[in-house]
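Here the structure is laid out as C-alpha cells; the discussion comes afterwards.
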Ligand SMILES: [Zn+2]
C-alpha cells in the first residue's frame, strides 16, 4: 500500500536520511536542546518579490529568475543534503514540535502550579523524547540492550527455525529478506489482505547492486566497508568482519537481481499476483510461509498478494542453498542496521551517518540530536504528538480555507475533463465519476490512534524504539481480513507533504503544510493558487496519472478506459517521458522519464488545474488583470509563486541519488520543464517562441 501512495514531494531519500540522521552525536553531546527563542525564524512569504533576480530573463530561466534571491540568502547548511522552501517550513515545524516535546518531557517537579499533570500521551512522547536525548545512558549501555536479539539469531541451527525468527525480526522493524503488511486487495479495495513484498537490501534500491559504471562500483565498495565497520563495532575481529561484509553483499546482490526495478514497481499490474497463503506456502518448499504467518499472528489462509513472485522464488532457493551461518550473518547485519541510530552508542551512529548521509548524499555535518529525536518521536508516536500540534497550530479556520481551495480545484478539473479534445464522451463520464468520488482529507485524522498499549519507559531508548515498532507492526497486521479504514493517515499531522492514495481514491493534506511559504491568509489568491493550489491539483491529478488511472473510483485495479482513449493517453504521456529522459541531472546521469512520469504528469496537470481555478476566482472577484502589485500583474505573481515553492539547493551527491531513485524530478525541472509546456505562462511574460522557456512542441495530457 505504501508503495502505491504518491506524494507531492517524495521523501524517500529524505526519510532514509532522517533514519540515519539519528547519528553521530559528539561525545560531549548536550542533552538539552538550545532554547527555541535562540533560533531566528524568518518571515516566510508565498509570493516574495525580494527573491526575484531581475538580471535574469524570465523567458531564459524562470527558476533562476524566481529563486536567485533566495539562493543568495540561504546557503546550504552543513547538516543538510538539500535545503529548500520545504526544508524551511520543515525546520520551523520541527522547532514547534521540540517545544511541545520539551514541555511534555519536563519532570513533575519542574512543572508550575498552573500546568496540568501530564496526559498519557504526553507521558509517552515526553519520555520517548528524553530517553532519545539521553546520550550518556545510550553510550553507557552500549550494545547490551540489543544482545538478547543477537543471541536469538545466534541460537538458530537450521532453516526450519527461520520462519519464527524472521517474523520476530520483522515485528521489531528489521528489513530482512521480505516484508509483510496489510494492503487493500487489488481487486476488492474495500478489504485488507496480506501483502508480501520484496525487501532485504541495505543500499537504496536494487540497481545499486547491478550497475557497472565506476561510481556504482565505488559505492558498493564503500558499502562493504561500512558493513565491515558496523560488524567490528559489534565486536567482531577485522578479518571476520570483512568476510562477513562480503557475505552480506553477495546475498543482497542475489535478492536485488531477483527484484523488480523501481520503474517496474510503478506499474501496479507488475505487482498484482493474487493467491492464498496456503498455495503461496506450498510453492516456497524451503520456507514454510504458513509457519511464518502463524508466528507473525497474520492469517495462515485466505486471499493475499505475492507482489514479486520472481523474488520469492529466489528467496526460496537462497535459504536452501546458503549455509545457515551466512544467513545468520546477513540477519545480524540487518538487526544492527535497524538500530544503529539514536538507540545505539555514538560510534554506530557516526558510522551510519558517514555512509548514508555523507558518502551517498554529501552531508557535511550531522544534524543536532534534538532534531533527530524530534523526528523520531514524530515517526514513532506521530498521532500522539500531532494531536497536540494541531491544537496549537492548525485552527478550524485554516481547515476550512484548505477545504475551500480543494473544492475549487476539483471543480476546475470537472470543467477541464469536459473540455478535453482527445477523450471520448464515454471515458469522460467515468473520469468525472471518479473525480466526484474523491474524498478530501485535510489536516489530521477524525479519529486519533490509540497508543494505550505501547509502553514507553524513561531511559530506555532502544527498548522504546523496539516496542514502538512492534506496536506498529501488530497494529498493521491486525487490519488483514478487515474492511479498509479510509480515515487512516499515512503521514503525521506536522508533515510538510501531501499524498494521493490510489486504492482509496482520496487526497490527504497534513496540517503542517498549510502554512507560509506555501499558503497564507495574508496573501491573495494569485499567490496561494500558484503555490498551494498547484499542490492540490498535483495530488488530484495523481488519480489520473499513468498509475492512478488504472484504478477505478472505488480504488479497484480495474480498467475504465476505452482502448482508443488509452492509446491517446499513452501517446501524450510519452511526450513527457521523452522530455524528461533528455535532462542530464548530473554529468553522466539522466533523469528517468518513465520513473518520474506519474509525478511529472501530476506537476503539469496540477498547475494547469490551479490556473483554471484561479482564473475563475479572479473573474468572480472582478480582479483587474492589468493592475500590478509589487510591480507584477496577478498572472505573473501566480507563476512566480509556483516557481518559488521549489527554490532548493542540493548537493551533487544527493542529486545523483535523487536522479537514480526518486520518482520526482529535481526541483529546477519541476519548475522550468513544466512551465515550458504552458503557453499561458509564456504569454504572461511575453516570451518569444524561440525562448528556452517555451517548448517547441509542448506536452499536455490533463
Ligand atoms: Zn506526487
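The values are calculated or read from the model by the stated rules, or taken from the named source; none is laboratory data. Just so you know, these numbers come straight off a predicted model, no measurement behind them. Positions of Cβ are backbone-derived with ideal geometry, glycine not excepted, and every protein chain shown enters the neighbour counts.
Structural remarks
- Single condition residue 264 does not satisfy, out of (1) more than 23 Å from residue 167 (Cβ to Cβ); (2) more than 31 Å from the chain's Cα centre (by Cα): (2)
- Matching residues in region 538-555 - criterion: being away from the ligand (no atom under 11 Å from the Cβ) and not in a loop (DSSP other than H, G, I, E, B): 549, 550, 551
- Boolean, residue 248 is closer than 24 Å to residue 350 by Cβ and in contact with a helix residue (DSSP H, G or I) (Cβ under 6 Å, 6 or more places away or on another chain): yes
- Qualifying residue in region 514-525 (condition: surrounded by fewer than 19 Cβ atoms within 10 Å (Cβ to Cβ), free of Cβ contacts under 8 Å to residues at least 60 places away in the same chain and away from the ligand (no atom under 15 Å from the Cβ)): yes
- Of residues in region 581-599 being in contact (Cβ under 8 Å) with a residue 60 or more places away in the chain and more than 16 Å from the ligand (Cβ to nearest atom), the one farthest from the chain's Cα centre (by Cα): 588
- Residue 305 vs. criteria more than 20 Å from residue 160 (Cα to Cα), part of a strand (DSSP E or B) and at pLDDT 95 or above: yes
- Options 83, 90; residue that is touching a strand residue (DSSP E or B) at 6+ places or on another chain (Cβ under 6 Å), more than 30 Å from residue 289 (Cβ to Cβ) and either modelled with pLDDT of 95 or more or assigned to a helix (DSSP H, G or I) (or both): 83
- Of all residues in region 473-508, those being assigned to a strand (DSSP E or B) and crowded, with 16+ Cβ neighbours inside 10 Å number 6.
- Selected residue [modelled with pLDDT under 95, buried (at least 19 other Cβ atoms within 10 Å of the Cβ), outside any helix (DSSP H, G or I) and touching a helix residue (DSSP H, G or I) at 6+ places or on another chain (Cβ under 6 Å)] from 46, 20, 25: 25
- Check on residue 278, touching a helix residue (DSSP H, G or I) at 6+ places or on another chain (Cβ under 8 Å) and at pLDDT below 95: yes
- Residue check for residue 155: farther than 29 Å from residue 374 by Cβ and touching a helix residue (DSSP H, G or I) at 6+ places or on another chain (Cβ under 9 Å): yes
- No other residue among 357, 408, 363, 340 is within 26 Å of residue 470 (Cβ to Cβ) and in contact with a helix residue (DSSP H, G or I) (Cβ under 6 Å, 6 or more places away or on another chain) apart from 340.
- Residue within region 339-346 that is touching a residue at least 40 places away in the same chain (Cβ under 8 Å), farther than 25 Å from residue 200 by Cβ and more than 23 Å from the chain's Cα centre (by Cα) present: yes
- Filtered residues of region 380-420 (kept if outside any helix (DSSP H, G or I) and over 11 Å from residue 493 (Cβ atoms)): 381, 395, 420
- Residue tally, condition closer than 27 Å to residue 253 by Cα and assigned to a strand (DSSP E or B), over region 184-211: 5
- Residue ID - farthest from the chain's Cα centre (by Cα), chosen from residues in region 656-701 that are within 16 Å of the ligand (Cβ to nearest atom) and in a loop (DSSP other than H, G, I, E, B): 701
- Selection status of residue 464, over 23 Å from the mean Cα position of the chain (by Cα), within 18 Å of residue 375 (Cα to Cα) and either in contact (Cβ under 8 Å) with a residue 60 or more places away in the chain or within 16 Å of the ligand (Cβ to nearest atom) (or both): yes
- Which numbered condition residue 545 misses (of (1) more than 19 Å from the chain's Cα centre (by Cα); (2) closer than 18 Å to residue 502 by Cβ; (3) surrounded by 15 or more Cβ atoms within 10 Å (Cβ to Cβ)): (1)
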